[in-house]
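Trainee: Here it is: the structure, laid out below.
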Amino acid sequence: MAGPIPPHQQVGAEGQPPPGEPAYSEPYPDEPYGAAGPPPPMGPYPGVYPGALPPPVPYTKPRRRKAVWLALLALVLVVVAVVAVLTIRTGRPAATATGVFSESATKTSIQNYLTALSNGDTETVARNNLCGMYDGVKDRKSDLALARLASDAFRRQFTGAEVSSIDAIVPWSSYQAQVLFTMQVAPSSGARGSRSEEQGVAQVLRSGNQLLVCSYLLRTAAQF
């Protein structure tokens, strides 16, 4: 019985492959890359940039942001210049130059408070001590009692007091200031070690169109 039929192969006239087609060949086992041999080795990787590097591109900030900073700086300089001019003209910080805590207005408010203490005017004393809340308080009995005690303590020291000068005004804000003042006093008969001139410290508050003395403290000198 005949063996398997070999696959059909196209041959030329004499059993050779057709013209124009390369002959089929297999590489030898010891030549894995075929008759052409292995590919040529690749050269080293060029890690260094050839030639000089290009110059860096300069970064320009937006002009708008620069203009905003210049405008803010100009505004600060204007404010500083205004404060300097007011300080030079008045000799005091700009907060007192507005007239809110002028010497005349402050002196008048402190004098009215001292006069109320001397005369026993407890309503005026309580109105000042409440710092603008007097009209809103419904029960003023305790406030009037404290005002009466303050008036009695003042009259045990002096029979009268008159503000002679405003020595210093330290504004805490546009509504409140601490005032150092000098007053000429008339000592009471039972007072000891009293002098004709005393210094006091008052806390002054602006409430509407008036200045109120929220607190008063006498600065007494030490006796040796």
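The values are calculated or read from the model by the stated rules, or taken from the named source; none is laboratory data. Values in this document were obtained by computation on a predicted structure and should not be read as measured data. So basically every Cβ, Gly included, is an ideal-geometry build from the backbone, and we count neighbours across all protein chains shown. Each accessible area value is taken on the protein alone, full model and side chains, heavy atoms only, with ligands, DNA and RNA left out. Shrake-Rupley method; radii C 1.70, N 1.55, O 1.52, S 1.80 Å.
Trainee: Could you check how much of the accessible area of segment 114-197 is carbon and sulfur, as a whole percent, using a 1.4 Å probe?
Mentor: Its accessible area is 48 percent carbon and sulfur atoms.
Trainee: Sorted by average packing, counted as other Cβ atoms within 10 angstrom per residue and highest first, what order do 204-212, 125-133, 138-146 take?
Mentor: In decreasing order of mean packing, 204-212, 125-133, 138-146 become 125-133, 204-212, 138-146.
Trainee: Sorted by accessible area (1.4 Å probe), largest first, how do ARG156, ARG148 line up?
Mentor: ARG156, ARG148
Trainee: Can you bin segment 100-224 into rounded, prolate or oblate? Criterion: square roots of the alpha carbon gyration tensor eigenvalues sorted a ≥ b ≥ c, rounded for a/c under 1.5, prolate for a/b above b/c, oblate for the rest.
Mentor: Since a/c reaches 1.5 but b/c is at least a/b, the shape of segment 100-224 is classed as oblate.
Trainee: Over segment 108-224, average the accessible area per residue using a 1.4 Å probe and give it in Å², no decimals.
Mentor: Averaged over the residues of segment 108-224, the accessible area is 57 Å².
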